[in-house]
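The values are calculated or read from the model by the stated rules, or taken from the named source; none is laboratory data. The model shown is predicted, which means the values in this text are computed figures rather than measured ones. Neighbour counts are summed over all protein chains in view; Cβ atoms, including those assigned to glycine, are modelled from backbone coordinates with ideal geometry.
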Amino acid sequence: MNVVLLGPPGSGKGTQAQRMVERLKIPSISTGEILREAIKNKTEMGLKAQAYMNDGKLVPDEVVIGIIRDRLSQDDCENGCILDGFPRTVAQAEALSQILDEKDEKLDVVVNLVVDQSEIVERLTQRQREDDKIETIYERLKVYEGQTAPLVSYYKGKGILKNIPGVGDMSDIFDRIVKAIPES
Ligand code: AMP
């Protein structure tokens, strides 16, 4: 099964992805984590991505599409995966569909964690990440609205979108996700 976790920064995608790994017994892939690791290791890709990330901007499509193409070709993804933070643009969504197609697979469900903006700002200001400075938070929200939020209607049109309220107790949110995913 292939699942995409969609939602604004700070909507709890990472937390819920970890729980889903245990439940579905498939790996989760976070492009943000892979990029932070590349920055830490000062790889060529990390050096290229760093400025975008520090500014709260999206890393160019071809970079993250390359990451996902490589990662999805690895053996542990043979039964599918949970994508956390990818796709973030329509071009990425189309690339994902093509990559899965080439593997004779499909995207089964898109879980959209719905959290309103004031709650998001409150959560992000409490996090300790380099890109969680207040100006960067607002930039990331703007980028989300402009480039990623269109994916909500994109996937709704494909009939695979599940809107899940992302507020309240983490376990309750997880239960809602499990109910929304067939075969979990
Ligand atoms: P995240 O950990 O998912 O919040 O991602 C942190 C940062 O990594 C984002 O603000 C972007 O700069 C970059 N990033 C992560 N995933 C993507 C993606 N799919 N497309 C473009 N940039 C990404």
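A few comments on the model shown:
- The residues in segment 12-26 that are surrounded by fewer than 17 Cβ atoms within 10 Å (Cβ to Cβ) and closer than 15 Å to Phe86 by Cβ can be counted, and the count is 1.
- Only one of the listed residues (Asp104, Asp116) is surrounded by fewer than 18 Cβ atoms within 10 Å (Cβ to Cβ) and farther than 29 Å from Asp76 by Cβ. That residue is Asp116.
- Checking each residue in segment 171-183 for being surrounded by 12 or more Cβ atoms within 10 Å (Cβ to Cβ) and touching a residue at least 60 places away in the same chain (Cβ under 8 Å) picks out Ile173, Phe174, Ile177, Val178, Ala180, Ile181.
- Answer residue from segment 27-48, given it is within 20 Å of Pro87 (Cβ to Cβ) and of a type in the set (A, V, I, L, M) and is nearest to the ligand (Cβ to nearest atom) among those: Leu35
- Close pairs from segment 13-41: first touching a residue at least 12 places away in the same chain (Cβ under 8 Å), partner within 11 Å of the ligand (Cβ to nearest atom) and in a loop (DSSP other than H, G, I, E, B), Cβ under 6 Å, at least 6 apart: Lys13/Gly7; Ser30/Gly85; Thr31/Gly85; Thr31/Phe86; Gly32/Gly85
- Of all residues in segment 53-83, those satisfying the criterion of being surrounded by fewer than 16 Cβ atoms within 10 Å (Cβ to Cβ) and under 22 Å from Glu139 (Cα atoms) are Asn54, Asp55, Pro60, Glu62.
- Residue among Thr89, Thr15 that is among the β-branched types (Val, Ile, Thr), at pLDDT 95 or above and under 23 Å from Thr125 (Cβ atoms): Thr15
- Output for segment 49-92, where each listed residue is more than 7 Å from the ligand (Cβ to nearest atom), within 14 Å of the chain's Cα centre (by Cα) and of a type in the set (Val, Ile, Thr): Ile65, Ile67, Ile68, Ile82, Val90
- Identity of the residue in segment 37-52, of a type in the set (S, T, N, Q) and in contact with a helix residue (DSSP H, G or I) (Cβ under 9 Å, 6 or more places away or on another chain), that ends up farthest from Thr136 (Cα to Cα): Thr43
- Qualifying residue in segment 28-45 (condition: buried (at least 18 other Cβ atoms within 10 Å of the Cβ), closer than 30 Å to Glu183 by Cα and over 13 Å from the mean Cα position of the chain (by Cα)): no
- A count restricted to segment 1-23 and to residues that are assigned to a helix (DSSP H, G or I) and within 11 Å of the ligand (Cβ to nearest atom) stands at 3.
- When residues of segment 106-155 are limited to those that are outside any helix (DSSP H, G or I) and at pLDDT below 95, the one farthest from Lys40 (Cα to Cα): Asp116
- For segment 90-110, the count of residues that are among the basic types (Lys, Arg), free of Cβ contacts under 8 Å to residues at least 60 places away in the same chain and more than 25 Å from Lys162 (Cβ to Cβ) is zero.
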